[in-house]
Amino acid sequence: MNILFLGDIVGEPGRRCAQEILTQLLKDLRPDLVVANAENATRGKGLSRKSAEELYDAGIEIITMGNHTWDQRQIFEFIDDDRRIVRPLNYPEGTPGRGYTICRVNQVDVLIVNVMGRTFLSQLNCPFAALDEVLARHPQIRHVIVDVHAETTSEKLAIGWAFAGRVSAVIGTHTHVPTADARVLPGGTAYITDVGMVGPRDGILGMRREPVIERMRTHLPNRFEVADGPRQFCAVSIELDSNGRATSITPIYRELV
Ligand SMILES: [Fe+2]
């Protein structure tokens, strides 16, 4: 089974870029499942229904989220009903939406789960314990894809190693900067600390540079906007065997200039 996982899609330029590159990639790779982190897909913060529909039309089947899940308030109107959207699992009990979803791919159940790290982010429930619990609840599912949405490399590596041999893939998101450490961990777990971003290449994490620099210099509030110009497309292609073990993980990097 081939799974294509796209890094954080940022704003309208990111959505367009995902759409354009996927048109070709879907033909070339013929993935069985396409997953994307899209917590920044609407104006760089959150996800509107319209943006989600655009991404589904482009071929993305499952959307994972993160710390910006609630930034477009209309998400509360559709997150409970849309089983294709996965917000971090380790939010408190009673949080709208779902922390994991199960989809049927080629007669096989695939579980996609999203957890958020706690270093420099909200102090949610323990991501390790939350993952343990989900795996214990679904012992028969062997194809498990984990999106670790976290700031620090150490927290992502710790989750990768803690679940090596227990899940099919641990894919890091959130920093928007791809890391060069894609590998298959012992036991058949595809791992990358951060898959990177689908969005404006020359901004700062996809946002216009000047307001970001200005805020860092002055510590005064200002407005961040999605950058324009050349766009980058970061993804990983993961190959799983029939037991859900990863046999390869290949980073994909493209640019639209
Ligand atoms: Fe994030």
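The values are calculated or read from the model by the stated rules, or taken from the named source; none is laboratory data. As the structure is a prediction and not an experimental result, all values here were calculated from the model. Note that we place each Cβ from the backbone using ideal geometry, even for glycine, and neighbour counts take in every protein chain shown. Calculation scope for accessible area: heavy atoms of the full protein, side chains included, ligands and nucleic acids excluded. Shrake-Rupley method; radii C 1.70, N 1.55, O 1.52, S 1.80 Å.
Among the residues of the range 33-45, are any in a helix (DSSP H, G or I), more than 13 Å from the ligand (Cβ to nearest atom) and surrounded by fewer than 24 Cβ atoms within 10 Å (Cβ to Cβ)?
Restricting attention to the range 33-45, the residues satisfying the condition of being in a helix (DSSP H, G or I) are none.
The answer is no; no qualifying residue exists.
Out of the residues in the range 168-178 that are within 16 Å of the ligand (Cβ to nearest atom) and assigned to a loop (DSSP other than H, G, I, E, B), which is surrounded by the most Cβ atoms within 10 Å (Cβ to Cβ)?
H174
Applying the selection to the range 85-112, what residues are within 16 Å of the ligand (Cβ to nearest atom) and either among the β-branched types (V, I, T) or modelled with pLDDT under 95 (or both)?
Result: I85, V86.
Just give me the residues in the range 120-154 being more than 13 Å from the ligand (Cβ to nearest atom) and in contact with a Ser or Thr (Cβ under 9 Å, 6 or more places away or on another chain), in sequence order.
If the condition is that a residue be more than 13 Å from the ligand (Cβ to nearest atom) and in contact with a Ser or Thr (Cβ under 9 Å, 6 or more places away or on another chain), then R142, H143, V144, I145, V146, T153, S154 are the ones that fit.
Please indicate, with yes or no, whether at least one residue in the range 121-140 is assigned to a strand (DSSP E or B) and either acidic (D, E) or open to solvent by less than 50 Å² (accessible area, probe 1.4 Å) (or both). Give the steps one after another, and end with the answer.
Initial filter on the range 121-140 (assigned to a strand (DSSP E or B)): none.
Within the range 121-140, none of the residues are assigned to a strand (DSSP E or B) and either acidic (D, E) or open to solvent by less than 50 Å² (accessible area, probe 1.4 Å) (or both).
Which members of the range 209-238 meet the condition of being more than 25 Å from A18 (Cβ to Cβ) and in a helix (DSSP H, G or I)?
Result: E210, I213, E214, R215, M216, R217, T218.
So Y253 passes all but one of these: (1) of a type in the set (S, T, Y); (2) open to solvent by less than 10 Å² (accessible area, probe 1.4 Å); (3) within 21 Å of N40 (Cα to Cα). Which condition number does it fail?
Unmet for Y253, out of (1) of a type in the set (S, T, Y); (2) open to solvent by less than 10 Å² (accessible area, probe 1.4 Å); (3) within 21 Å of N40 (Cα to Cα): (2).
Within the range 54-68, can you find the residues that are away from the ligand (no atom under 16 Å from the Cβ) and on the phi < 0 side of the Ramachandran plot?
E54, L55, Y56, D57, A58, I60, E61, I62
Yes or no: the range 153-167 includes at least one residue that is in a strand (DSSP E or B) and under 13 Å from the mean Cα position of the chain (by Cα).
The answer is no, given that none of the residues of the range 153-167 is in a strand (DSSP E or B) and under 13 Å from the mean Cα position of the chain (by Cα).
Just to check your reading of the model, which residue among D82, D71, D28 is more than 16 Å from the ligand (Cβ to nearest atom) and part of a loop (DSSP other than H, G, I, E, B)?
Among D82, D71, D28, only D82 is more than 16 Å from the ligand (Cβ to nearest atom) and part of a loop (DSSP other than H, G, I, E, B).
Residue-wise test of (1) more than 20 Å from T119 (Cα to Cα); (2) in contact with an Asp or Glu (Cβ under 9 Å, 6 or more places away or on another chain); (3) touching a residue at least 24 places away in the same chain (Cβ under 8 Å).
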residue	(1), (2), (3)
V146	no, no, yes
V167	yes, no, yes
I171	no, yes, yes
H174	no, yes, yes
P186	yes, no, no
Y191	no, yes, yes
R209	yes, yes, no
R215	yes, no, no
